[in-house]
Every structure is written in C-alpha cells, then in structure tokens.
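Contents: one structure, followed by commentary.
The values are calculated or read from the model by the stated rules, or taken from the named source; none is laboratory data. A quick note: this is a predicted structure, and the numbers were derived from the prediction, not measured. Positions of Cβ are generated from backbone atoms using ideal geometry, with glycine treated the same way; all protein chains shown enter the neighbour counts. Accessible surface areas use protein heavy atoms only, side chains included; no ligands, DNA or RNA. Shrake-Rupley method; radii C 1.70, N 1.55, O 1.52, S 1.80 Å.
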Amino acid sequence: EPAWLAGRRVAVPSDRSTAYLLFRLWAAQSIPDGVGEIVVMPFHEIMPAVRDGRIDAGLVIHEARFTYQNFGLTLMADMGSWWETDTGLPIPLGAIVARRNLDLAAIAGWVRASVDYAWAHPEASQAYVLRHAQEMSPEVAQAHIDLYVNEFTAELGGQGFEAVYALLGRAAQEGLVPEVDLALIGV
C-alpha cells in the first residue's frame with residue numbers, strides 16, 4: 001500500500017535521475033500525504049539499509065531491480081511499469097548531450113557505430129559490464145541489457161521524444177525541475 005510511505009525514510013540513489021523523477025511523480029499521485037525524509041545513498045547500499053532496518057524503503061535501480069528478493073525485500077511498486085501504464089510511453093533513460101556548435105552528425109555516427117558494434121558483438125562488452133557491476137551474475141547482466149538496450153538506444157524517434165517531453169513537463173509541473181523549453185530538446 002503506497003500510503004504506508006507517508007512520513008517514512010526512503011533511500012534513493014540520486015535526486016537527479018530519471019528513477020528519482022519517476023518515484024516523485026508516482027508518489028505525487030499515490031501518496032496524498034507525501035513521503036517522509038528522502039535519503040540519498042549509493043545505489044548498492046540501499047538494499048542492505050532497507051533489509052537491516054536503517055531505512056524504511058528504497059528506490060532500487062540497475063541490476064537491483066532483478067536481485068532485491070535476494071535481500072528479503074518485496075516490491076511495492078515498479079516505477080517503469082507505472083510510467084508505461086500511466087503514460088503509454090517508454091521510460092526516457094539516459095541521454096547524450098552536446099553543444100549545438102559541435103558536429104552533431106559525427107557524434108551521432110560515432111554513437112550509432114558503437115551501438116551497432118555492441119549489438120553485433122554482445123560478448124565484447126560482457127566482461128566490462130560484469131567488472132563494473134555491483135552484484136551481477138551473467139544471467140542478470142543479460143536481463144539488464146535486454147531490458148534497457150532496445151530500439152530507442154539506436155533511434156529515439158517520435159515516441160522517445162514524446163516520453164522525454166512528458167517526463168520533463170510533468171516534473172516541472174511538480175516543481176521537481178525548472179521549466180524547460182521543450183522545443184530546444186531534439187536534433
């Protein structure tokens with residue numbers, strides 16, 4: 001029951017992330033009295049803190065969305081599922097930002113070549129991913145990649161831009177981010 005979070009301490013991995021914006025937008029709809037204290041901590045410390053009772057609840061990201069059960073934790077709400085159900089849009093994750101006076105076509109080409117190479121040679125990045133993961137088995141690494149590396153990775157497209165506009169617009173309405181001239185976003 002989301003109302004349980006009213007007045008509780010909730011750990012988040014950052015207060016400047018998509019996950020945090022989704023959580024705050026979900027909370028604005030789901031918890032009339034608002035959550036209690038937001039505690040920012042490194043993402044790999046959140047699940048142990050909740051398990052050990054130092055924090056009431058936590059927002060987990062990355063591979064933790066596949067491994068939280070290993071800490072005896074249960075899912076209260078999936079922010080991605082909520083967003084997709086509420087908006088009908090994909091979750092806008094990550095971005096490459098460049099000044100407009102740079103060679104945007106060259107940058108886009110380099111990024112596309114990197115993504116194409118990674119899709120053609122998935123084994124090439126697996127060791128790197130596992131080396132930098134907090135607690136990821138090869139199976140969890142693949143599930144993570146399968147979930148987050150998709151057609152929007154190569155081409156954001158109209159639906160992707162619509163998702164970015166929806167997220168930033170809703171976040172600005174809630175006072176979570178400054179008003180943004182959405183016409184400036186895009187290529």
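When the stretch 86-98 is examined, which residues are found to be touching a Ser or Thr at 6+ places or on another chain (Cβ under 7 Å) and either open to solvent by 70 Å² or more (accessible area, probe 1.4 Å) or farther than 30 Å from Gly109 by Cβ (or both)?
Result: Leu93, single match.
Anything in the stretch 22-44 that is more than 20 Å from Ile91 (Cβ to Cβ) and not in a loop (DSSP other than H, G, I, E, B)? List them, or say none.
Within the stretch 22-44, Val35, Ile38, Val39, Val40, His44 meet the criteria.
Let me confirm something: among Ala105, Ala143, Ala118, Ala127, which residue is touching a Ser or Thr at 6+ places or on another chain (Cβ under 6 Å), part of a helix (DSSP H, G or I) and more than 28 Å from Ile31 (Cβ to Cβ)?
Values: Ala105 fails: touching a Ser or Thr at 6+ places or on another chain (Cβ under 6 Å); Ala143 fails: touching a Ser or Thr at 6+ places or on another chain (Cβ under 6 Å); Ala127 fails: touching a Ser or Thr at 6+ places or on another chain (Cβ under 6 Å).
Residue meeting the stated conditions: Ala118.
Take the residues in the stretch 1-50 that are among the aromatic types (Phe, Trp, Tyr) and under 25 Å from Gly169 (Cα atoms); name whichever of them is surrounded by the fewest Cβ atoms within 10 Å (Cβ to Cβ).
Trp26
List the pairs whose first member sits in the stretch 29-46 and is touching a residue at least 60 places away in the same chain (Cβ under 8 Å), whose second member is exposed (fewer than 15 other Cβ atoms within 10 Å of the Cβ), and whose Cβ atoms are under 6 Å apart, counting only residues at least 6 apart or on separate chains?
Every condition considered, the pairs that remain are His44/Gln134.
Residues in the stretch 166-187 that are at pLDDT below 90 and in a helix (DSSP H, G or I): how many?
Total meeting the criteria: 3.
For the stretch 51-85, how many residues are outside any loop (DSSP other than H, G, I, E, B), over 16 Å from Tyr20 (Cβ atoms) and open to solvent by less than 30 Å² (accessible area, probe 1.4 Å)?
Residues that pass the stated criteria total 1.
Any residue in the stretch 119-130 that's of a type outside the set (A, V, I, L, M, F, W, C): show its pairings with residues that are loosely packed, with under 11 Cβ neighbours inside 10 Å and assigned to a helix (DSSP H, G or I) at Cβ separation under 6 Å, as long as the two are six or more apart or on different chains.
From residues that are of a type outside the set (A, V, I, L, M, F, W, C), there are no pairs.
Taking Ala143 as the residue in question, decide whether it is among the small types (Gly, Ala, Ser) and under 19 Å from the mean Cα position of the chain (by Cα).
The answer is yes for Ala143.
Hey, could you check the stretch 124-160 for residues that are modelled with pLDDT of 80 or more and surrounded by fewer than 11 Cβ atoms within 10 Å (Cβ to Cβ) and say which is nearest to Ala64 (Cα to Cα)?
Here is the first cut: in the stretch 124-160, the residues modelled with pLDDT of 80 or more are 124, 157-160.
Among the residues that remain, those that are also surrounded by fewer than 11 Cβ atoms within 10 Å (Cβ to Cβ) are: 124, 158.
Working: Ala124: 23, Gly158: 30 Å.
The extreme case among them is Ala124.
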